[in-house]
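Novice: The following block contains the structure, expressed as C-alpha cells.
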Amino acid sequence: MPDPRHYLSQLNQGHWFAALPPALSQGLLDMAQMQRLDAGQRLFRRGDKPSGLYAVVEGAVRIGAVSENGKEALLTLVEPPYWFGEISLFDGLPRTHDAFAESASTLLLLPQHDLLALLEREPQYWRDFALLMSHKLRLAFVALEDMSLLPAAPRLARRLLLIAENYGESEPRRVLHLAQEQLALMLSLSRQTTNQILKELQAQGVVQLTYGEIEILDFERLRQLAS
C-alpha cells in the first residue's frame, strides 16, 4: 500500500489542506494511516464511536442515513481530495451519519487519539480544524435555505455546481460521477422530476447525460440558472 506522502500533491489540490501551516500538514501525513474499501463497504455507521478524520484520495464515499423503514437520505457523494469526520473530533460524540464506499476507494485516516494528542501539544491548530467545520456549516445553511426558498430547477443547478467544485474544496471538474437517482436523493426530489430537469438542461446544451455520469458543458449558463 502506498505511503500517505504519495498523495501529497493530490491533497494540496484541496483548498483546506493546501492552506495549512507546513508543520501541521507534515504532522498529519506522519500520523496518517491508509485504508482501502471495496465498493459498497461500510466505513462507519451512525452511532459508531469516533475513529478520527478521513480524507478520500481514491474513489468516492457516500454519506447519508437510512431510516428504520429503509428510506435513504443521501447528503453528499464526495471524491478526492475531500476531508470529513471532523464533527466527532470536536465533541467526541458518536458518528452522526453513515459512510459507505461508492466505488473501490482509498482513504487516509488521522486516528482520533493521535490527532487529539497533536492538538493537546499544539492548541493553536484547533482553528484550522474549526475552519474545515465552519465551511461545511455554511454550506449546510445555504442548502437549508435553498430547500425552503428555491424551486426544484435552480436547486438542482446549484447542487451540480457544488458537486463539481467538490463542495468548495477544489477547482471545478466537468464530469460528475453521479447517477440521477443519487442526485434526486440529495435534493429530496422524485426521480421523475430530476430526470425532467436534467433533460431540459441537456436540450439547452448545459449538460450531457450518460449512464452514471453528468458532464457539465456550459458552467456559465449553469451558474445563471442557479441564481
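The values are calculated or read from the model by the stated rules, or taken from the named source; none is laboratory data. Small disclaimer: the values here were computed from a predicted structure and weren't measured. Note: ideal-geometry Cβ built from the backbone for every residue, glycine included; neighbour counts use all protein chains shown. These area figures cover heavy atoms from the full protein model, side chains too; ligands, DNA and RNA do not enter into them. Shrake-Rupley method; radii C 1.70, N 1.55, O 1.52, S 1.80 Å.
Matching residues to (1) in the same structural domain as Leu189 (by the TED database); (2) more than 20 Å from Ala140 (Cβ to Cβ); (3) loosely packed, with under 14 Cβ neighbours inside 10 Å:
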{"residue": "Asp38", "(1), (2), (3)": "no, yes, yes"}
{"residue": "Gln41", "(1), (2), (3)": "no, yes, yes"}
{"residue": "Val61", "(1), (2), (3)": "no, no, no"}
{"residue": "Pro81", "(1), (2), (3)": "no, yes, no"}
{"residue": "Ile87", "(1), (2), (3)": "no, no, no"}
{"residue": "His97", "(1), (2), (3)": "no, no, no"}
{"residue": "Leu107", "(1), (2), (3)": "no, yes, no"}
{"residue": "Pro111", "(1), (2), (3)": "no, yes, no"}
{"residue": "Asp114", "(1), (2), (3)": "no, yes, no"}
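Novice: Might you let me know whether region 174-186 holds any residue that is assigned to a loop (DSSP other than H, G, I, E, B), modelled with pLDDT under 95, open to solvent by 60 Å² or more (accessible area, probe 1.4 Å) and farther than 30 Å from Ala18 by Cα?
Specialist: no
Novice: Which is out of contact with any Asp or Glu (no Cβ under 6 Å at 6 or more places or on another chain) and either modelled with pLDDT of 95 or more or not assigned by the TED database to the domain that holds Leu201 (or both), of Leu160, Leu132? Step through it out loud before you land on a result.
Specialist: Numbers: Leu132 fails: out of contact with any Asp or Glu (no Cβ under 6 Å at 6 or more places or on another chain).
Exactly one of Leu160, Leu132 is out of contact with any Asp or Glu (no Cβ under 6 Å at 6 or more places or on another chain) and either modelled with pLDDT of 95 or more or not assigned by the TED database to the domain that holds Leu201 (or both), namely Leu160.
Novice: Test of understanding: among Leu119, Leu144, Leu137, which residue is part of a helix (DSSP H, G or I), surrounded by 13 or more Cβ atoms within 10 Å (Cβ to Cβ) and free of Cβ contacts under 8 Å to residues at least 24 places away in the same chain? Break it down into steps so the answer makes sense when it comes.
Specialist: On the way: Leu144 fails: surrounded by 13 or more Cβ atoms within 10 Å (Cβ to Cβ); Leu137 fails: surrounded by 13 or more Cβ atoms within 10 Å (Cβ to Cβ).
Exactly one of Leu119, Leu144, Leu137 is part of a helix (DSSP H, G or I), surrounded by 13 or more Cβ atoms within 10 Å (Cβ to Cβ) and free of Cβ contacts under 8 Å to residues at least 24 places away in the same chain, namely Leu119.
Novice: Just one of the numbered conditions (1) more than 20 Å from Gln10 (Cβ to Cβ); (2) in a loop (DSSP other than H, G, I, E, B) is not true of Glu169; which one?
Specialist: (1)
Novice: Cβ-Cβ distance below 7 Å, separation of 6 or more or different chains: which pairs start in region 147-167 with a residue that is more than 17 Å from Leu178 (Cα to Cα) and end on one that is open to solvent by less than 10 Å² (accessible area, probe 1.4 Å)?
Specialist: Short answer, once both residue conditions are applied: Pro154/Ala226.
Novice: Give the residue, chosen from Ile197, Ile163, that is under 22 Å from Thr96 (Cβ atoms), open to solvent by less than 30 Å² (accessible area, probe 1.4 Å) and in a helix (DSSP H, G or I). Step through it out loud before you land on a result.
Specialist: Values: Ile197 fails: under 22 Å from Thr96 (Cβ atoms).
Answer to the selection: Ile163.
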